[in-house]
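Just so it is clear, none of the values below were taken in a lab; they were calculated from the coordinates. Here the structure is a predicted model, which means the values were calculated and not measured. For neighbour counting, all protein chains shown are included, and Cβ atoms are generated from backbone atoms with ideal geometry for every residue, glycine included.
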Amino acid sequence: MGEFLRFENITKRYGQNTVLDNVTLEIQAGEVFSLLGPSGCGKTTLLRICGGFEPPDEGRVILDGVDITNVPANRRAVRTVFQNYALFPHLSVWENIAFGLKATGQDAKTILEKVPKYLELVQLTGYENRKPGQLSGGQRQRVAIARALINRPKVLLLDEPLAALDLKLRQRMLIELDTIHDDVGITFLFVTHDQQEAMSISDHIAVLRNGRVEQIGTPTELYEAPRTSFVAAFIGDTNFFEGTVETIEGDYCTLNIDGFPNIHLFNDKKVHRGEKIHVSIRPEKFFISAVRPEVTDAKTNLLHGKVEEVIYVGPHTRYWVRVQDWRVSVVQQHHGYGLDERRIKWDDEVWLWFGADNAYMLEHYAEVDEQLLALPDLEPEELEAVVEGGTQEAGATE
Amino acid sequence: MKSRLRNISNWIIGAPSFVWLVVFYAIPIVLVFLLAFKPVDAYGGLGEGWTLKTILDLRNPSYPAIIWRTFWQGIVSTAVCVAVAIPISYQLARMTSRWKNVILLLIIVPFWTNFLVRIYAWRVFLHADGIFKNLLVAIGLIENSTTLLYNQWAVLVVMIYTYIPFAVLPIYASAEKFDFSLIDAAKDLGASSFYAFRRVFLPVISKGIWTAVMVVLIPAFGAYLIPDLVGGPSSELVGDKIAQRVFIDRNLPHASALSALLMLAVFLPMLLGKWLNHMRRRRQTREGRT
């Protein structure tokens, strides 16, 4: 259907802090697009600019071919599901859902017709007369969704809609959100700091960091082909290796990674001999065995190490393996009971191997600050402090 | 056993306040009502037995006008105070805490000066030779012969001035707790700023507004110092009459009857409102169940 919502060179500053720095995004009609990033990355600010609650300092917002940068919030065909839901406490569920219709001056007949339909969509029929205070978190959120959808917006903005729910409920609401999206076919712009949420619901994800777009892509692209170390570390777990290119053989090259001279890699970045590069290898891309495997394929890289840690979590086991100077994280899925011929224990000598196509070269590498990834949700004032710290951190590493 | 112990200790903790309320509020109020039925003796004391004469005396032909004036002045000053206090509170609640404290202080500071001094200041201000009067004459808004003092308008202005802080504080207390993201949400749903203010802000802080109404209306009905000092003979309120009956006529039963009348005038509509609200809520929950 083509481009539908477009953020064009959006810049936003709060005093000294640049919260959004020249952000350009294109969102297709009818898709679920996620803005993913740690606290202070500017994702909520971008959402507020889209909703019309804050003007950008520079740049334009274009919706369906119309520049809406200066259109006030109440005239935009954009609705928001707020993080705290912002339900009107003095109004019943029915009145909350009908609010948008009444505020835009629709007649009583339309209201009587539409409200029950949307109550049904979010499975709240029978709760019409409850006040928000008498609802559970999940129910409140469903009221917020119905209330936002009833005016048939062109875009629905969801600001961390699941953050306030507990884990089980979050997973259920995620499926429900997906169903609602299929039902109404409205473009969803979803803001979250939770990569799993973003991965499971989105058609496309933009990873934001310090007010800049780090990478845009489908969940698979971001996971399998992260452009930078930040994306690789933020979405899932990974291992980083640094090495020097030794030889080039067609589409492949060999890398000297600190004492392992002959690591084969798919050369998708067209690197040259002698170049220093960083590589990301996901833990599940490794195979692990206590017995040395028969490696006949030249594209398979074999490493030898010692198990430092074993964490059994049911469907898979996570190992930390010391391979010379590297501590490698390995995940092995259990495909069947008793399949592992010999159980691997602490301090066991093991063999690791991975295919040349399963390691990915990074365009940009910087030490990833684990603490930044682990930051909890913050209030706007606190957020500014983090942004300040964040930019300093970025300045130091670049 | 344990719960009974807790019950007893609750009683002991609550007892002093309870005794205080009974001795200094409940009993005097009952006394005021009872006094209205006592005859008066020639020396300003209370006579023997009971009588309905005082109640019948309330049909004094000068009273309806005074009662009517008390009512409309009370209601108008309350309405103006609340109408001014709402936007002030709205802005205050949105301010950063530093400015908020400064403004709040400015609102409260007048309380530090004596009430009488403030009223006398108004007398100076509105005086026939006062600055304000001279200014208005100079601009040509009024003629030199117009008097700003000693009429019901002066009473109204000073009453509004006096009671505005009483209206601001409870409304501000509610507005401060108001979640302003609700205004964003209302606008997001297509509401204009005014619609959001009227349909979201006002209903949510309605408790504070009703407290303000009570806090202003009750003293406004009973006001007597203000009409006494800045009003004239044509702007007497019920409060003045009560004071006259006590201090000049030394007719306590009559003063009590007037006080009781005022009290009922405030209390009965309040009870009626409560009852209506209660019935409405009951109807709503019944509808909710079906």
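Mean residue ellipticity, 222 nm, helices only, chain A: the sum of -39500 (n - 2.57) across DSSP H runs of n ≥ 4, divided by residue count and rounded to 500, is -8000 deg cm²/dmol. Neighbouring Cβ atoms from other chains, within 10 Å of the Cβ of residues in A:98-107, number 4 on average. When you filter the trypsin sites (Lys or Arg not before Pro) in region B:26-79 for DSSP loop state and at most 12 other Cβ atoms inside 10 Å of their Cβ, you are left with B:R59. Treat every Asp and Glu Cβ in region B:13-115 as -1 and every Lys and Arg Cβ as +1, leave all other atoms uncharged, and give the resulting dipole magnitude about the Cα centre to the nearest 20 debye. It comes to approximately 520 debye. The residues A:I216, A:I235, A:I150, when put in order of fewest to most other Cβ atoms within 10 Å, stand as A:I216, A:I235, A:I150. Under 5 Å between amide hydrogens, built in the peptide plane, is the criterion, and for A:D57 it picks out A:T11, A:K12, A:R13 among residues at least 5 positions away or on other chains. For region B:39-70, the list of chymotrypsin sites (Phe, Trp or Tyr not before Pro) that fall in a loop by DSSP and count at most 12 other C-beta atoms within 10 angstrom reads B:Y43, B:W50. Dipole orientation for the protein assembly as shown: of the candidates B:A260, A:I97, A:A73, B:A260 has the Cα lying most toward the positive pole (charges on Cβ; Lys, Arg +1; Asp, Glu -1). Legend: mean number of C-beta atoms from other chains within 10 angstrom of residue C-beta atoms, peptide A:142-148, equals 1.
Counting alpha carbon pairs within less than 8 Å and at least 6 residues apart, what relative contact order, in whole percent, applies to chain B?
28 percent
A simple charge model with +1 on the Cβ of Lys and Arg, -1 on the Cβ of Asp and Glu and nothing else charged puts the dipole of region A:232-362 at about 160 debye relative to its Cα centre. When the Cα positions of B:N277, A:V279, B:N101 are compared along the charge dipole of the protein assembly as shown, B:N277 comes out farthest toward the positive end, with charges on each C-beta of Lys, Arg, Asp and Glu. Counts of other chain beta carbons within 10 angstrom of each beta carbon in peptide A:122-130 average 1. Looking at B:V84, B:F201, B:I27, which one has the Cα that reaches farthest to the positive end of the dipole of chain B (charges on Cβ: Lys, Arg +1; Asp, Glu -1)? The residue sitting most towards the positive pole is B:F201. Qualifying trypsin sites (Lys or Arg not before Pro) in region A:278-365, where qualification requires a DSSP coil assignment and no more than 11 other C-beta atoms within 10 Å, comprise A:R342, A:R343, A:K345.
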